[in-house]
Ligand code: HDE
């Protein structure tokens with residue numbers, strides 16, 4: 001027992017616990033034998049981290065307590081401004097593997113050597129919500145990747161939707177102001193279902209294509225792992241001979257595409273506001289590394305001139321049927337961050353971060369972004385030296401004469417901090433016309449003016465193409481989403497204006513939305529700058545359902561158990577789903593677990609009310625007779641079944657569950673999406689069945 005100087009305080013070491021006894025009682029701290037001594041930031045060892053320095057037992061705290069002041073001072077300044085958009089995000093480390101040399105198309109070093117791996121960091125985000133907002137907000141997802149290439153950092157700062165709301169950067173502050181919380185009341189946050197947003201959209205016809213995309217299930221992805229990514233703008237690739245090709249970038253998830261349904265998203269936000277980040281974290285920690293393939297749509301001036309729309313207009317896609325996507329490599333995310341703040345929060349993406357061999361086009365949105373992303377880092381990270389942070393620093397050698405400023409870790413060494421200079425070898429780095437970044441020498445000629453090109457004037461044709469390319473289920477979801485959002489809009493004129501735009505997209509959609517809103521009379525179609533092209537070819541790449549996963553791999557089964565659950569079935573399910581590469585979680589009346597039919601103990605991961613069925617892609621309910629009648633009395637257990645059924649999930653069940661299913665109101669509706677489990681071999685059939693996204697036929701029946 002070590003005695004302190006003060007009579008009132010003593011410190012005892014008991015096993016691996018240090019016990020401090022003071023007038024206020026005892027505090028305990030676990031400390032292994034070899035742990036380092038706690039110090040201040042100056043490295044001064046700390047003797048007492050429990051009590052501030054006071055004049056007397058009950059006296060005032062003394063300002064000379066430097067440890068207290070340093071600790072509180074630092075804590076007071078822990079937060080930095082959140083991103084003005086894309087505040088809520090989740091990042092992970094990984095690598096890019098080049099499938100083939102693209103030296104005929106680009107001199108970008110990352111695309112020169114087949115099989116080469118390049119370190120990268122990816123950050124996924126929602127756009128409108130604040131840093132603490134829920135993951136399943138209906139919103140576009142940011143999809144930003146920083147490649148640490150051998151010739152500098154290349155940032156591909158994209159979204160999970162290939163088009164954008166506006167055509168010119170000058171409208172971005174208006175768009176974002178309208179989407180975020182309204183300025184007088186400070187709400188609603190993380191949702192577009194309010195007047196300001198739809199007012200802006202209804203007065204901005206160029207946003208209608210994007211409006212269709214955001215009302216689709218693309219904005220409620222099942223997981224960050226199951227969504228596509230897009231560079232959105234047309235970029236250029238330049239080869240060593242200076243030849244330019246236009247390019248659009250695509251990320252295709254190897255897991256396939258998958259979204260949740262809206263009612264599920266609403267419930268998920270309550271059940272687990274961190275659903276997406278938890279999913280990504282768990283998948284990587286378990287070694288189920290998410291992968292995307294990078295695809296390029298490459299085309300030349302000739303195609304650009306013959307295309308129905310302007311390739312510089314970011315509200316348009318180029319359908320894959322017109323320019324196929326060439327797969328050139330893959331991204332694997334295989335490492336979680338060590339520290340969320342240092343990496344995910346401080347990473348600074350910039351569209352301006354390009355490498356030799358990749359270049360901009362004159363897309364007016366991209367041009368505006370190039371200004372914004374550098375500028376915003378100063379107010380967010382507080383110093384021009386944000387590139388000194390490890391997450392932002394290039395991994396290749398870098399040499400320049402930029403110096404000083406807040407928090408400068410690297411300054412030029414030696415005498416030379418300017419160029420040209422006469423100091424020969426010691427004079428520091430020099431420019432290199434061969435290796436250096438060469439801007440593509442595009443011809444430029446024109447009068448100054450604030451223009452919107454005539455070639456950007458078609459606002460409805462691709463919205464129609466997108467809508468008609470969806471399956472009937474997805475079309476239903478789009479109409480429902482419009483009705484949901486516009487029902488939250490209080491101003492009738494705004495609701496009507498949106499319907500007037502939809503009339504230029506598709507009559508049937510406009511009709512469904514007008515009916516869903518209970519409009520007394522249908523408005524007339526909005527004046528269109530260009531008539532809608534009605535015969536654009538459909539593209540099945542635009543549907544999620546048509547591009548879903550082909551197995552249950554990487555997805556999650558939730559098994560609701562009670563005491564007496566059939567051990568053979570539990571074991572069979574476990575092994576069938578594990579060998580499929582899926583996750584399985586047990587839910588029970590108490591988290592301690594249940595006693596199975598053979599007397600063995602099965603530990604649960606969730607208690608029923610903490611593990612609702614919205615957390616799972618498919619569910620099974622294995623109960624004894626007694627267990628099922630207990631569950632029938634439990635509202636969370638009834639919701640578990642009713643929600644799984646309403647969300648068109650595949651459901652495995654044993655006959656004993658009848659009382660529970662009856663109470664949940666689904667027993668008489670049991671359909672082909674429900675699999676009776678009675679023998680071991682049923683588990684395999686069930687996992688196969690779950691390979692489909694959902695049992696959508698049920699949705700049609702439920703209406
Ligand atoms: Fe962004 N955007 N953006 N954006 N954006 C930001 O940069 C901006 C746009 C995107 O995980 C900000 O560092 C303007 C399109 C992602 O850190 C800011 C315009 C696309 C992220 C900014 C756009 C994006 C951002 C806020 C219109 C898809 C998160 C914090 C001209 C192609 C990156 C920051 C991360 C973040 C400006 C439009 C994607 C303010 C001015 C189009 C994924 O600089």
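Read-outs throughout are calculated quantities, based only on the coordinates presented, and are distinct from any laboratory measurement. If you're wondering where the values come from, they're calculated on a predicted model, not measured in any experiment. Every residue, glycine as well, gets a Cβ built from its backbone with ideal geometry; the counts of neighbours run over all protein chains shown.
Can you name the residue in region 315-332 that is part of a loop (DSSP other than H, G, I, E, B) and within 27 Å of residue 118 (Cβ to Cβ) and is also farthest from the ligand (Cβ to nearest atom) among such residues? Break it down into steps so the answer makes sense when it comes.
Taking region 315-332 and keeping what is part of a loop (DSSP other than H, G, I, E, B), we get 315-325.
Add one more test, that the residue is within 27 Å of residue 118 (Cβ to Cβ), and what stays is 318, 320, 323-325.
Values: 318: 15, 320: 18, 323: 18, 324: 21, 325: 17 Å.
It comes out as 324.
Among the residues making up region 231-285, those that are under 23 Å from residue 209 (Cβ atoms), within 16 Å of the ligand (Cβ to nearest atom) and out of contact with any helix residue (DSSP H, G or I) (no Cβ under 7 Å at 6 or more places or on another chain) are 231, 232, 234, 235, 247, 248, 249, 250, 251.
Considering each residue of region 333-346, count those that are under 14 Å from residue 124 (Cα atoms), outside any helix (DSSP H, G or I) and in contact with a strand residue (DSSP E or B) (Cβ under 9 Å, 6 or more places away or on another chain), and give that number. Can you show your working first?
Quick first cut of region 333-346, residues under 14 Å from residue 124 (Cα atoms) only: 333, 336-337, 340, 343-346.
Subset that is outside any helix (DSSP H, G or I): 333, 336-337, 346.
Subsequent filtering for residues that are in contact with a strand residue (DSSP E or B) (Cβ under 9 Å, 6 or more places away or on another chain) retains 333, 336-337.
Residues meeting the conditions: 3.
The residue that is nearest to the ligand (Cβ to nearest atom), among those in region 390-407 that are free of Cβ contacts under 8 Å to residues at least 24 places away in the same chain and farther than 26 Å from residue 110 by Cβ, is 405. Screening the candidates 187, 164 for the property of being within 13 Å of the ligand (Cβ to nearest atom) and assigned to a loop (DSSP other than H, G, I, E, B) yields one hit, 164.
Within region 496-515, does at least one residue satisfy the condition of being more than 30 Å from residue 309 (Cα to Cα), over 30 Å from the mean Cα position of the chain (by Cα), buried (at least 16 other Cβ atoms within 10 Å of the Cβ) and without any contact (Cβ under 8 Å) to a residue 60 or more places away in the chain? The answer is no; no qualifying residue exists.
Across region 347-389, which residue is nearest to residue 439 (Cα to Cα) among those that are touching a helix residue (DSSP H, G or I) at 6+ places or on another chain (Cβ under 8 Å), within 9 Å of the ligand (Cβ to nearest atom) and part of a loop (DSSP other than H, G, I, E, B)? My answer is 351.
Per the conditions (1) within 12 Å of the ligand (Cβ to nearest atom); (2) crowded, with 23+ Cβ neighbours inside 10 Å, the sole criterion not satisfied by residue 170 is (2). The set of residues in region 652-667 that are part of a loop (DSSP other than H, G, I, E, B) and touching a residue at least 40 places away in the same chain (Cβ under 8 Å) contains only 654. Just wondering, is there one or more residues in region 220-230 that are more than 16 Å from the ligand (Cβ to nearest atom), free of Cβ contacts under 8 Å to residues at least 40 places away in the same chain and closer than 17 Å to residue 135 by Cβ? The answer is no; no qualifying residue exists. Screening residue 101 on (1) surrounded by fewer than 22 Cβ atoms within 10 Å (Cβ to Cβ); (2) touching a strand residue (DSSP E or B) at 6+ places or on another chain (Cβ under 6 Å) shows it passes everything except condition (2).
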